[in-house]
Amino acid sequence: MIGNRTLAVPGPTNMPPRIASAMAVPLEDHRAPDMADFILPLLADLKQIFRTQTGTVLVFPGSGTGGWEAALRNTLDAGDRVLGASFGQFSMLWMDMCRQLGLNATTIECNWGDAPTIDAYRRVLEADKSHSIKAVLVCQNETATGVTTDVAAIRRMMDDLGHPAMLFVDGVSSIAAIEFNMDAWGVDIAVAGSQKGFMMPTGLAIVGVSERVMQNVQERTGRIYGRSGGCGYWDFATMAEANSTGYFPYTPAMTLLHGLRESVDMLQEEGLDNVFARHNRLAEGVRRAVHGWGLRPCATDPATVSDTVTAIVVGDRHDANAVIRSAYRNYGVSFGGGLGAVTGKVFRIGHLGWLNETMVLQALGGAELAMRDVGIAFEPGSGVGAAVTYFTEQQATSLMAAE
Ligand SMILES: Cc1ncc(COP(=O)(O)O)c(C=O)c1O
């Protein structure tokens, strides 16, 4: 095709040339004597992105799904009780994984588009007088529906109840894009992936682990598996021990780590609060556009809408996949498809990572072209216009703000 393709899926996101250049390095010896000079500051700076001082951030070759597994395998034994919610494809899959690993999973089932309420979590925890539930799983940003859960409120509720369960957060499509405070929210394990807020290719599972979990896994490793063991590839204790010297227990994805260094630099230069504000501003532009088209987001409660992805309901008479096909084939624009229960009902605009107003408008323009092609009725320009109006009411553009 002539001209640029537009990547408007919620991961992988657009990769800044700075990150691409940082990865254009010759392959190197990951056990070189000076490698610790590169690794130790990177791991320390990642803690700032997770907003943890007392926790540890571990980086595994893998993806977000691997991070989910790492969280479960390091802390739980078959038969242990966990509590989570299913309100979209990803939260559902994490609960499925719990069952596959032999955990005793209680799932709060929600309509896709709704967020699990704090009360729904509370009811189960309150009834668990013997504290048999070992971990509470929260998907901070359900990428399939564009719905968020209030992690801080869940932590407050657990504290009010005095329930000692660990709090695990899927932050794959929120960390480095939407506010996340590991220490302040008492999060025990937080899972991120490289291909979303970190603006990188897929390939790294980035996992924040609290001090309390780190202590427990060390004891647990000894108890369950004996001296030779741990839980294999994902073992937190083995990884942390090697990391403490600036090295890895196995061959790290060095090329990606160079990209991650650049990514963390970029996030720090912009300032995390500015990153969150930019995502909020761009997301609000998309929401205004959806409203301008006379459509609605999949998220049913405005208080839970996501600042990284918007799932747009096209209405019963239309096939959202036809919008996606037309956008891709005719205009080179990639939107996210509806997954699982919302297949064909929604298309998703990803608005996270290395993104500014003009890039969002490009995606919105592509959506208008494709929606016209498939016969969805709306006033051409109504969405783009609403976003333009909103953006021009706002302060300096993303590009200027970052300079
Ligand atoms: C919220 C959420 N969790 C987990 C995953 C799974 O991550 P990955 O595809 O990197 O394995 C995704 C992927 O999009 C996601 O959006």
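Structure summary
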| item | result |
| --- | --- |
| Set of aspartates and glutamates with alpha-carbon distance to Lys129 below 17 Å, sequence-local pairs under 8 removed | Asp80, Asp119, Asp159, Asp160 |
| Shape category assigned to segment 1-126 from the gyration tensor of Cα positions, a/c cut at 1.5 | oblate |
| Selected from Thr389, Gln215, Gly336, residue furthest toward positive end of dipole (the chain; charges at beta carbon) | Gly336 |
| The chain, dipole about Cα centre (Lys/Arg Cβ +1, Asp/Glu Cβ -1), debye to the nearest 20 | 760 debye |
| Cα centroid separation, segment 46-119 to segment 138-215 (Å) | 9 Å |
| Among Ala120, Gly186, Ala44 the positive-end extreme of the charge dipole of segment 18-268 (Cβ point charges) | Ala120 |
| Segment 18-268 - percent of accessible surface contributed by carbon and sulfur, probe 1.4 Å | 50 percent |
| Qualifying trypsin sites (Lys or Arg not before Pro) in segment 82-160, DSSP loop, other Cβ atoms within 10 Å at most 11 | Lys129 |
| Cα-based helix-to-principal-axis angle, 89-100 vs the chain, degrees rounded to 10 | 30 degrees |
| In Hz, Karplus ³J(HN,Hα) per residue of segment 338-355 (6.51, -1.76, 1.60; θ = phi - 60°; x = Gly, Pro) | x, 10, x, 5, 10, 4, x, 9, 10, 10, 10, 9, x, 9, 9, x, 7, 8 |
| Rounded if a/c under 1.5, otherwise prolate or oblate - the chain, Cα gyration tensor axes | oblate |
| Backbone HN-Hα couplings from phi across segment 246-260 [Karplus 6.51/-1.76/1.60, Hz, Gly and Pro as x] | x, 10, 10, x, 9, 5, x, 7, 3, 4, 5, 5, 5, x, 5 |
| Accessible area per residue in Å² at 1.4 Å probe, computed on the chain | 41 Å² |
| All lysines inside 18 Å of Lys196 as judged from Cα atoms, apart from same-chain residues fewer than 8 positions distant | Lys47 |
| Rounded to 5, the percent of DSSP beta bridges in the chain classed as antiparallel | 50 percent |
| Under the Karplus curve 6.51 cos²θ - 1.76 cosθ + 1.60, θ = phi - 60°, whole-Hz ³J(HN,Hα) for segment 68-76, x wherever Gly or Pro sits | 4, 5, 4, 4, 6, 5, 6, 10, 10 |
| The chain: calculated mean residue ellipticity at 222 nm from DSSP helix runs of at least 4, using -39500 (n - 2.57) | -13000 deg cm²/dmol |
| Selection of trypsin sites (Lys or Arg not before Pro), segment 328-395, meeting DSSP coil and at most 13 other Cβ within 10 Å | none |
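The values are calculated or read from the model by the stated rules, or taken from the named source; none is laboratory data. Note that the structure is predicted; figures quoted are calculated from it, not measured. Note that we place each Cβ from the backbone using ideal geometry, even for glycine, and neighbour counts take in every protein chain shown. Accessible surface areas use protein heavy atoms only, side chains included; no ligands, DNA or RNA. Shrake-Rupley method; radii C 1.70, N 1.55, O 1.52, S 1.80 Å.
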